[in-house]
Amino acid sequence: MTALCAQRTFFRGADGYEAARRGTVWNGILPQRFPDAIVQACDADDVVATIRYARAHGHRVGIRSGGHSWTASHLRDGGVLLDVSRLDHCDVDVDRMTARVGPGKVASDFANELDAQGLFFPSGHCEGIRLGGYLLQGGYGWNSKVLGPACESVLGLEVVTADGETLYCDPQQHADLYWAARGSGPGFFGVVTSFTLRLHRRPPVLGTCLYMYPVEVADEVFGWGRSISGEIDDRVELQILTSRNAPEAGPDVPTIAIASPVFADSEEDAAKALSILGSCPVIDRATVNVPYLPTTLANWYAAVMMKYPAGHRYSVDNMFTSASADELLPGIRTIIETLPPHPSHFVFAGWKPSADRSDMVYGVEDDVYLGLYTAWLDPADDARYGDWARSNMAAMSHLATGISLADENLAHRAGRFIAEPNLARLQQVRAAYDPDGMFHSWQAHD
Ligand SMILES: Cc1cc2nc3c(=O)[nH]c(=O)nc-3n(C[C@H](O)[C@H](O)[C@H](O)COP(=O)(O)OP(=O)(O)OC[C@H]3O[C@@H](n4cnc5c(N)ncnc54)[C@H](O)[C@@H]3O)c2cc1C
């Protein structure tokens, strides 16, 4: 029988176990779920040894790369929790425009390192997420309307399967496993120890606009936003963000901000692509009106992270929709009226569904994405804020095409996240590679 790495294995009840368990979860809410053992793998050999150990003992396995799953989907009762965050290698091949990266590589570090070399990858919008979970679930990153969800740039993967075998999968080898890895997220049934990624040239210009509106004109802003969302240049990410002011930033009222990234060849080009965002019929009510501002990736990350401070308790939910403004507005009004304090927020984003993503299991997608992100500090407020995101999305679910696995809350609300034929095929591939169900799957589907 294969032994576990003694220094980095924490059995339940032993010294270090609780710190290791807490350390796997980014969310301030730490679910009361307790694996029998937590193994911190240092390399791919540790992964193989852990899977063989789990098989020999009949354990189920949860996998953690960056622990940024909002609901800590990696943390389950019993069995083994395999933490692969230390597998964070990163080898960039500039000539081939590819990179070989570990699942533990922090996505924002990867983006910043590429940026310094004039290269680009559609990494997520926030710091701290690691590539393992991010790429498996799809990955909505910078310039993703042009480049596709990040999993579309996955060229191949190294996977340790349920029987402890290491396979390389790509369109030619184990193509079914490759198909399944691109979009199944927490439903994937193997341990990814390395990704091969396609890199892109960094667009010469990164920019943004910034408009701010009082919520008194929410109907006009969202009605207009919905009407132009399909016309916006692919290089512009439509982001309408509503949140209450931070205590130091003014009275405790909600404000609507439109800060939309643009990726272009020249400043002129960027300003032109953004110009449609100045066409709001209530532009005269804007309290901030900046049609174009050059920016950097580092500035973007800093701005976004003001909405996701560490140490907070988070609860999120989401939906994709193609509903009209008239259909969406009643739900949007309720969201705004009940918006919890800063830094909780509501994102209304434009997306570009593709007619052909048949070479991957990903996903369910539509023209508009609504994301609700609740954040609070005091556990005594759990009952007050914990259900805000779920209940508002549940109330609008008749307008939803489905949900994204990025902000899934499947433990509390079921949702459609993979098209039905793909889901059926995925279960067949799972049965072939993990017939005994060693790997945990999506929480509500266990
Ligand atoms: C503050 C914040 C901001 C975010 N912003 C974005 C964003 O801009 N765009 C976006 O798309 N998403 C975003 N997300 C969602 C995030 O990308 C997903 O939750 C993603 O799964 C996190 O990856 P992780 O490795 O950090 O998480 P983990 O919790 O470690 O992993 C999530 C799940 O993925 C599976 N998994 C992870 N690693 C492996 C592996 N090596 N092999 C097999 N299975 C594995 C496991 O089933 C695990 O339960 C954000 C999340 C947070 C908390």
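Mind telling me which of the residues 383, 395 ends up being more than 16 Å from the ligand (Cβ to nearest atom), small (Gly, Ala, Ser), surrounded by fewer than 17 Cβ atoms within 10 Å (Cβ to Cβ) and over 26 Å from residue 222 (Cα atoms)?
Exactly one residue qualifies, and that residue is 383.
Say whether the condition of being basic (Lys, Arg) and assigned to a helix (DSSP H, G or I) is met by at least one residue in the range 424-443.
Within the range 424-443, one or more residues are basic (Lys, Arg) and assigned to a helix (DSSP H, G or I).
Restrict the check to the range 393-400 and report whether at least one residue is touching a residue at least 24 places away in the same chain (Cβ under 8 Å), assigned to a loop (DSSP other than H, G, I, E, B), aliphatic (A, V, I, L, M) and farther than 30 Å from residue 248 by Cβ.
yes
Those residues that are crowded, with 20+ Cβ neighbours inside 10 Å and of a type in the set (A, V, I, L, M, F, W, C), I need them from the range 400-428; list them, please.
Scanning the range 400-428 gives 400, 403, 405, 406, 410, 417, 418, 426.
Among the candidates 314, 308, single out the residue that is in a loop (DSSP other than H, G, I, E, B), among the aromatic types (Phe, Trp, Tyr) and more than 22 Å from residue 147 (Cβ to Cβ).
308
Could you grab me the full set of residues in the range 299-333 that are among the hydroxyl-bearing types (Ser, Thr, Tyr), closer than 15 Å to residue 28 by Cβ and touching a helix residue (DSSP H, G or I) at 6+ places or on another chain (Cβ under 7 Å)?
Result: 315, single match.
Considering the range 104-146 alone, what residues qualify as being more than 6 Å from the ligand (Cβ to nearest atom), in contact with a strand residue (DSSP E or B) (Cβ under 6 Å, 6 or more places away or on another chain) and charged (D, E, K, R)?
Once the filter is applied, which keeps residues that are more than 6 Å from the ligand (Cβ to nearest atom), in contact with a strand residue (DSSP E or B) (Cβ under 6 Å, 6 or more places away or on another chain) and charged (D, E, K, R), the range 104-146 yields only 105.
Just need a number here: residues in the range 21-72 that are open to solvent by less than 40 Å² (accessible area, probe 1.4 Å), part of a helix (DSSP H, G or I) and more than 14 Å from the ligand (Cβ to nearest atom).
Residues in the range 21-72 being open to solvent by less than 40 Å² (accessible area, probe 1.4 Å), part of a helix (DSSP H, G or I) and more than 14 Å from the ligand (Cβ to nearest atom): 2 in total.
Could you list all residues from the range 283-299 that are part of a helix (DSSP H, G or I) and either open to solvent by less than 30 Å² (accessible area, probe 1.4 Å) or among the charged types (D, E, K, R) (or both)?
284, 285, 297
Name the one entry in 121, 110 that is within 15 Å of the chain's Cα centre (by Cα) and among the hydrophobic types (A, V, I, L, M, F, W, C).
121
Look at the range 73-91 and say how many of its residues are more than 7 Å from the ligand (Cβ to nearest atom) and in contact with a strand residue (DSSP E or B) (Cβ under 7 Å, 6 or more places away or on another chain).
Within the range 73-91, residues that are more than 7 Å from the ligand (Cβ to nearest atom) and in contact with a strand residue (DSSP E or B) (Cβ under 7 Å, 6 or more places away or on another chain) number 13.
Every residue in the range 227-272 that is open to solvent by 40 Å² or more (accessible area, probe 1.4 Å), within 25 Å of residue 200 (Cα to Cα) and among the hydroxyl-bearing types (Ser, Thr, Tyr), please.
Matches in the range 227-272: 266 only.
Given the structure, is residue 217 over 25 Å from residue 295 (Cβ atoms) and surrounded by 24 or more Cβ atoms within 10 Å (Cβ to Cβ)?
no
Need a quick list: strands (runs of 3 or more DSSP E) entirely within the range 234-282 having at least 2 residues that are farther than 19 Å from residue 352 by Cβ.
Passing ranges, in order: 239-244, 254-258.
Quick check: is even one residue across the range 112-122 closer than 25 Å to residue 416 by Cβ, at pLDDT 95 or above and not acidic (Asp, Glu)?
Checked the range 112-122: at least one residue is closer than 25 Å to residue 416 by Cβ, at pLDDT 95 or above and not acidic (Asp, Glu).
In the range 306-327, what residues are open to solvent by 30 Å² or more (accessible area, probe 1.4 Å) and of a type in the set (A, V, I, L, M)?
306, 310, listed by residue number.
The values are calculated or read from the model by the stated rules, or taken from the named source; none is laboratory data. Keep in mind the model is a prediction, meaning the values are calculated, not measured. So basically every Cβ, Gly included, is an ideal-geometry build from the backbone, and we count neighbours across all protein chains shown. Only protein heavy atoms, including side chains, enter the accessible area calculation; ligands, DNA and RNA are left aside. Shrake-Rupley method; radii C 1.70, N 1.55, O 1.52, S 1.80 Å.
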